[in-house]
Amino acid sequence: MGYAKERSKLEKLSTKIVGINIYDQKNLAILIDIYEQYSHTVRILKNKEPETFADLYNNELQEVKTGKRSLKESESEETRQTNFLAFKESIQIALEKTIKATLASLK
């Protein structure tokens, strides 16, 4: 079963995240939007084919949520920047793994 529509959404999100490296309100808003879109898409995939996407939903999405929570709880600027980059990286990894899973489902 192919997931071209969902994969296309994920690939667009992957390109959106590339230039984000510094914590500010604009970049945070972009990352949160990417997170929300990823979350929605991975839920759709999990509901369509739980065998393939349940682990991504349970593990990768939870990892991203943990990163978001850490960022929200940051108290200093330095910690906030570090957690922002960790949050971004967790989203990138989750996007890459999910794109690979959609490609693997074609075989």
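Just to confirm the number: angle between the C-alpha axis of helix 4-17 and the first principal axis of the chain, 0 to 90 degrees, nearest 10? For helix 4-17, the angle is close to 20 degrees.
Take the Cα of Lys72, step 7 Å toward its Cβ, do the same at Lys48, and the gap between the two points is 2.9 nm. Placing +1 on the Cβ of every Lys and Arg and -1 on the Cβ of every Asp and Glu, with no other charges, gives the range 1-82 a dipole of roughly 360 debye about its Cα centre. Solvent-accessible area of the chain (1.4 angstrom probe, protein heavy atoms only): carbon and sulfur portion equals 51 percent. Full extension of the chain between Gln62 and Ile93 gives 9.9 nm of extra length, using 0.36 nm per residue less the Cα-Cα distance.
Relative to the present Cα-Cα distance, how much length would full extension add between Lys100 and Gln37 at 0.36 nm per residue of separation?
Net length gain for the segment: 20.9 nm.
Within straight-line reach of Lys16, meaning a Cα separation under 22 Å, sit the following lysines at least 8 residues removed in sequence or on another chain: Lys5, Lys26, Lys65, Lys68, Lys72, Lys88, Lys97, Lys100. Given R0 = 30 Å, the distance between the Cβ atoms of Gln81 and Val18 translates into a calculated FRET efficiency of 0.95.
The angle between the Cα long axis of helix 25-48 and the main principal axis of the chain comes to about 20°, on a 0 to 90 degree scale. May I ask you to derive the FRET efficiency for Leu28 and Asp55 from their Cβ-Cβ distance with R0 = 30 Å, giving the value to the nearest 0.05? So the FRET efficiency works out to roughly 0.60.
Against the set (i) 14.0; (ii) 17.0; (iii) 23.0, the structure's computed Kirkwood radius over Cα pairs in Å falls on (i). Solvent-accessible area per residue in the chain equals 59 Å², computed with a 1.4 angstrom probe and all protein chains kept.
The values are calculated or read from the model by the stated rules, or taken from the named source; none is laboratory data. In this text the structure is predicted, and so the values were computed from the model without any measurement. Counting neighbours? That spans all protein chains shown, and the Cβs are built from the backbone with ideal geometry, glycine included. What goes into the accessible areas is simple: the full protein's heavy atoms, side chains included, and nothing from ligands, DNA or RNA. Shrake-Rupley method; radii C 1.70, N 1.55, O 1.52, S 1.80 Å.
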